[in-house]
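Chemist: There's a structure below that I have some questions on.
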Amino acid sequence: MNIRVVFNQKGGVGKSTISTNLAAASAKKGLKTLLVDLDAQCNSTHYAGIDHHDEIKTVADMFKQTVGWFSTQSTAMDFVQPTAFDNLFVMPADPALGKIERELESRYKMYKLRETLQEVASDFDRIYIDTPPNFNFYSKAALISATSFLIPFDCDDFSAQAIEKLLDNVAELRNDHNPELAFEGIIINQFNAQANLPKQLVQGLKDKGFPVMPTHLSASVKIRESHSKRTPIVYLSPKHKLSEQFEHLLSDLEK
Ligand SMILES: Nc1ncnc2c1ncn2[C@@H]1O[C@H](COP(=O)(O)OP(=O)(O)OP(=O)(O)O)[C@@H](O)[C@H]1O
Ligand SMILES: [Mg+2]
């Protein structure tokens with residue numbers, strides 16, 4: 001089973017946009033795909049078209065169950081919601097994730113996501129996990145559950161400096177909790193081929209020996225439109241340059 005986590009502790013680098021569109025591109029190819037949203041901001045959940053209401057079970061309910069909040073136990077598939085898109089399913093986030101984080105951490109529930117995903121693994125071909133912009137309980141739970149991780153990079157000098165720190169954090173977690181976790185690659189986002197700095201920054205990452213994914217994602221205002229229409233760009237505008245880049249990126253990953 002292939003479980004990819006998209007992680008960068010820096011905010012706004014494209015984690016939610018990338019995890020949702022990779023999951024959508026995967027579903028479009030006919031792979032039954034689950035998108036797990038671990039960010040209390042619920043951006044991926046919203047982008048994939050899922051609405052919160054009382055009946056919907058979220059990843060927060062899954063975690064709450066592990067600390068005995070509910071009298072009846074749900075199975076892992078009860079936390080999986082269908083979307084309007086063929087083959088695309090979501091385990092939704094919930095604003096409540098923030099409130100319960102400390103209790104989950106103090107009660108050592110970091111492995112519960114891994115157990116839950118193992119339970120549903122045979123129902124899906126691919127799983128993508130979106131994470132919050134922090135190295136917190138949820139991103140750690142995601143990195144423990146995953147088979148590989150991807151780091152979106154926004155072509156900013158501070159981000160380049162932060163990547164080594166990020167990799168140190170992940171390496172420690174890998175050694176302690178998930179030795180199988182592979183570093184699949186850095187995804188260059190909002191790349192401007194006309195400017196010099198992005199090219200230099202990308203070259204700098206390559207020079208350090210980091211795996212940089214060969215397909216870079218351009219900046220496009222169409223992303224905002226796809227967010228507001230709550231339709232991943234690969235569905236909204238399949239012929240758009242950025243949609244094609246997402247599909248290439250997925251092919252690079254699936255090679
Ligand atoms: N390729 C792109 N072209 C244009 N805008 C983009 C692109 N990728 C991301 N953005 C914009 O950048 C912002 C941040 O994107 P996104 O929410 O995906 O990042 P994130 O890393 O998930 O953020 P957070 O850390 O808050 O969860 C959004 O406003 C989004 O529209
Ligand atoms: Mg996000």
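Chemist: Compute the Kirkwood hydrodynamic radius of the chain, taking the inverse of the mean of 1/r over all pairs of distinct Cα atoms, and give it in Å to one decimal.
Modeler: 18.3 Å
Chemist: OK, next. Over the range 141-255, average the accessible area per residue using a 1.4 Å probe and give it in Å², no decimals.
Modeler: That works out to 49 Å² per residue.
Chemist: Karplus couplings for the range 134-142 from phi (6.51 cos²θ - 1.76 cosθ + 1.60, θ = phi - 60°), rounded to Hz, Gly and Pro as x?
Modeler: 8, 8, 10, 3, 6, 5, 5, 4, 5
Chemist: Now, a different point. Kindly work out what percent of the DSSP beta bridges joining two residues of the chain are antiparallel, to the nearest 5.
Modeler: 5 percent
Chemist: Moving on. With all protein chains present and a 1.4 Å probe, how do Arg107, Arg126 order by accessible area, largest first?
Modeler: Arg107, Arg126
Chemist: Can you give me the C-alpha center-to-center distance between the range 177-255 and the range 101-151, rounded to a whole angstrom?
Modeler: Taking the Cα centre of each part, the range 177-255 and the range 101-151 sit 22 Å apart.
Chemist: Follow-up question, since we're still on this one. Based on the Cβ-Cβ distance of Asn196 and Ala76, what FRET efficiency does E = 1/(1 + (r/R0)^6) give at R0 = 35 Å, to the nearest 0.05?
Modeler: Rounded to the nearest 0.05, the efficiency is 0.10.
Chemist: Defining a contact as two alpha carbons under 8 Å apart and six or more residues distant in sequence, what relative contact order in percent does the chain show?
Modeler: 26 percent
Chemist: For the range 1-59, what are Rg and Dmax over the alpha carbons, in angstrom?
Modeler: Using the Cα atoms of the range 1-59, the pair Rg, Dmax is 12.1, 33 Å.
Chemist: Using 0.36 nm per residue, how much length does the chain from Trp69 to Gln118 gain when fully extended, once their Cα-Cα distance is taken away?
Modeler: 15.4 nm
Chemist: Say the cut-off is 22 Å between C-alpha atoms; which of Lys64/Lys140; Lys15/Lys140; Lys109/Lys140; Lys29/Lys57; Lys64/Lys99 go over it?
Modeler: As for pairs spanning more than 22 Å Cα to Cα, those are Lys29/Lys57.
Chemist: What distance in nm separates the two pseudo spin-label positions at Asn136 and Asp51, each 7 Å out from Cα along the beta-carbon direction?
Modeler: Here the answer is 2.7 nm between the modelled labels.
Chemist: With a 1.4 Å probe and all protein chains left in place, how much of the accessible area of the range 119-243 comes from carbon and sulfur atoms, in whole percent?
Modeler: 47 percent
Chemist: Starting from the Cα of Lys255, draw a straight line to each of the aspartates and glutamates and keep only those under 17 Å, dropping any in the same chain fewer than 8 residues away.
Modeler: Leaving aside aspartates and glutamates fewer than 8 places away in the same chain, those within reach of Lys255 are Asp125, Glu184, Glu244, Glu247.
Chemist: When the Karplus curve 6.51 cos²θ - 1.76 cosθ + 1.60 is applied with θ = phi - 60°, which whole-Hz ³J(HN,Hα) does each residue of the range 70-77 get, with x for Gly and Pro?
Modeler: Running phi through 6.51 cos²θ - 1.76 cosθ + 1.60 with θ = phi - 60° gives 10, 7, 9, 8, 9, 8, 4, 5 Hz.
Chemist: Now for a separate question. Taking only protein heavy atoms into account and a 1.4 Å probe, give the accessible area per residue of the range 1-121 in Å².
Modeler: Using a 1.4 Å probe on heavy atoms only, each residue of the range 1-121 averages 43 Å².
Chemist: Amide H to amide H, which residues 5 or more places from Phe191 or on other chains are under 5 Å from it, using H placed in the peptide plane?
Modeler: Leu217, Ser218, Ala219
Chemist: Follow-up. Counting DSSP beta bridges with both partners in the range 79-205, what percentage is antiparallel, nearest 5?
Modeler: 25 percent
Chemist: List, in order, the whole-Hz ³J(HN,Hα) value for each residue of the range 14-31 obtained from phi through the Karplus relation with A = 6.51, B = -1.76, C = 1.60 and θ = phi - 60°; use x for Gly and Pro.
Modeler: x, 3, 5, 4, 6, 5, 5, 6, 5, 5, 5, 5, 5, 4, 4, 6, x, 8
Chemist: Pull out the extension gain between Tyr111 and Glu172, defined as 0.36 nm times the separation in residues minus the alpha carbon to alpha carbon distance; nm, one decimal.
Modeler: My answer for the length gained is 20.4 nm.
Chemist: Related question: Ordering Lys112, Lys241, Lys99, Lys64 from largest to smallest accessible area (1.4 angstrom probe), what's the sequence?
Modeler: The most accessible residue leads, giving Lys99, Lys241, Lys112, Lys64.
Chemist: Something else about it: Expressed as cubic angstrom per residue, what is the convex hull volume of the alpha carbon set of the range 1-131?
Modeler: 103 Å³
Chemist: Excluding the sites themselves, what is the longest stretch of the chain that contains no chymotrypsin sites (Phe, Trp or Tyr not before Pro) in a DSSP loop with at most 13 other C-beta atoms within 10 Å?
Modeler: Longest gap between qualifying sites, sites excluded: 109-255.
Chemist: Of all trypsin sites (Lys or Arg not before Pro) in the range 163-218, which ones are in loop regions per DSSP and have a Cβ with at most 14 other Cβ atoms within 10 Å?
Modeler: Those satisfying the criteria are Lys208.
Chemist: Let me ask something else. Leaving out ligands, DNA and RNA but keeping every protein chain, what accessible area does Leu201 have, in Å² rounded to the nearest 10, with a 1.4 Å probe?
Modeler: It works out to around 20 Å².
Chemist: Another question about this same structure. At a probe size of 1.4 Å, how large is the accessible area of His216, to the nearest 10 Å²?
Modeler: Answer for His216: close to 40 Å² accessible.
Chemist: At most 13 other C-beta atoms within 10 Å and a DSSP loop state: those are the exposed GluC sites (Glu not before Pro) I care about. Give me the longest piece of the chain that has none.
Modeler: Looking at the chain, 56-179 is the longest stretch - no exposed GluC sites (Glu not before Pro) with at most 13 other Cβ atoms within 10 Å.
The values are calculated or read from the model by the stated rules, or taken from the named source; none is laboratory data. Values in this document were obtained by computation on a predicted structure and should not be read as measured data. When we count neighbours, we look across all protein chains shown, and the Cβ atoms used for this are built from the backbone with ideal geometry, even at glycine. Just the protein is used for accessible areas: all its heavy atoms, side chains included, with ligands, DNA and RNA removed. Shrake-Rupley method; radii C 1.70, N 1.55, O 1.52, S 1.80 Å.
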